[in-house]
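> Below is one structure. I have some questions about it.
Just so it is clear, none of the values below were taken in a lab; they were calculated from the coordinates. What you are looking at is a predicted structure, and each value in this text was computed from that prediction instead of being measured. Here Cβ is always computed from backbone atoms with ideal geometry, including for glycine, and neighbour counts include all displayed protein chains.
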Amino acid sequence: MSFTVAIDGPAAAGKGTLAKQLAAHFKMAHLDTGLLYRAVARQVLAGCDPVAAAVSLQAADLDPTGLYTSEVAQQASRVAVLAEVRSALVTFQRSFAQRAEGAVLDGRDIGTVICCDAEVKLFVTARAEVRAERRYLELKAKGADVSLAQVLADVNERDARDQGRKEAPLRAASDAIVIDTSDLSVEVALDRAIAEVVQKWPSGDCL
């Protein structure tokens, strides 16, 4: 029997890190669904039609190399508002969620659209200023020429676009557990997430 953990939240809230560690802890498969949109965005930046890129997306396209630039992130947020793009990627995500070993998926509409029946739903968030500083430090470490003010503006712009889109807007599912990582260490956030999974899947604590 499959067991699904759906993790949603805005950019740089820490959901990706939490999802990877949670999946590793319980030996589940992990899918960063944002990679799907980033992969489509990369093809769009290269001149492809977004819907055609989504329909023809292959596993090889998910190679993360070059997918984590600010330009790709902004374009990913733009293509994500397109209903046709989202529809083309739904089947892939739902199929992944049914893996026998269990699955952890993180994104922006996992608990509200993709896996509405997920056994555990988490909404990981943090204050915009905190998220902007995290992203700024990541970009600077990669040699990007950006300012904190610019990154904060990008974060706020992306939040507005993600929360205001007509198709699958970013929001916490009514039954999701909210984890605000603004003032939490990675370890504390992970402990809270593990506790939620164990509560719904007691056998998982024996792994």
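> Can you sort Asp154, Asp183 by how many other beta carbons sit within 10 Å, fewest first?
Going from least to most buried by this count: Asp183, Asp154.
> Show that you can apply the helix-only estimate: for the chain, add -39,500 (n - 2.57) for every DSSP H stretch of four or more residues, divide by all residues, and state [θ] at 222 nm to the nearest 500.
It lands at -15500 deg cm²/dmol.
> Work out the FRET efficiency for Ala46 and Gln98 from their Cβ-Cβ distance, taking R0 = 41 Å, and round it to the nearest 0.05.
FRET efficiency, Ala46 to Gln98: 0.80.
> What nm distance separates the two modelled labels at Lys27 and Ser2, each placed 7 Å from Cα along Cα→Cβ?
2.0 nm
> Taking a spot 7 Å from the Cα of Trp201 along the direction of its beta carbon, which residues of segment 1-21 have an amide N less than 14 Å from it?
1-7, 19-21
> Now for a different question. Tell me, in nm to one decimal, what length is gained between Ser174 and Ala60 on full extension, where the rule is 0.36 nm per residue of separation less the Cα-Cα distance?
37.5 nm
> Farthest toward the dipole's positive end in the chain, which of Tyr37, Val51, Ser2, given Cβ charges of +1 (Lys, Arg) and -1 (Asp, Glu) about the Cα centre?
Towards the positive end, the residue furthest out is Val51.
> Here's a follow-up. So which GluC sites (Glu not before Pro) in segment 98-207 are both in a DSSP loop and have at most 14 other Cβ atoms within 10 Å of their Cβ?
Qualifying residues, ordered by number: Glu101, Glu167.
> Using Stokes-Einstein with the Kirkwood hydrodynamic radius over Cα pairs, what translational diffusion coefficient do you get for the chain at 10 °C and a viscosity of 1.306 mPa s, in µm²/s rounded to a whole number?
Answer, rounded: 92 µm²/s.
> Report relative contact order for the chain in percent, whole number only (criteria: Cα-Cα under 8 Å, sequence separation at least 6).
Relative contact order, the chain: 34 percent.
> Under 15 Å from a point placed 7 Å out from the Cα of Ala160 along the Cα-to-Cβ direction: which residues of segment 58-87 have their backbone N that close?
Answer for segment 58-87: 78.
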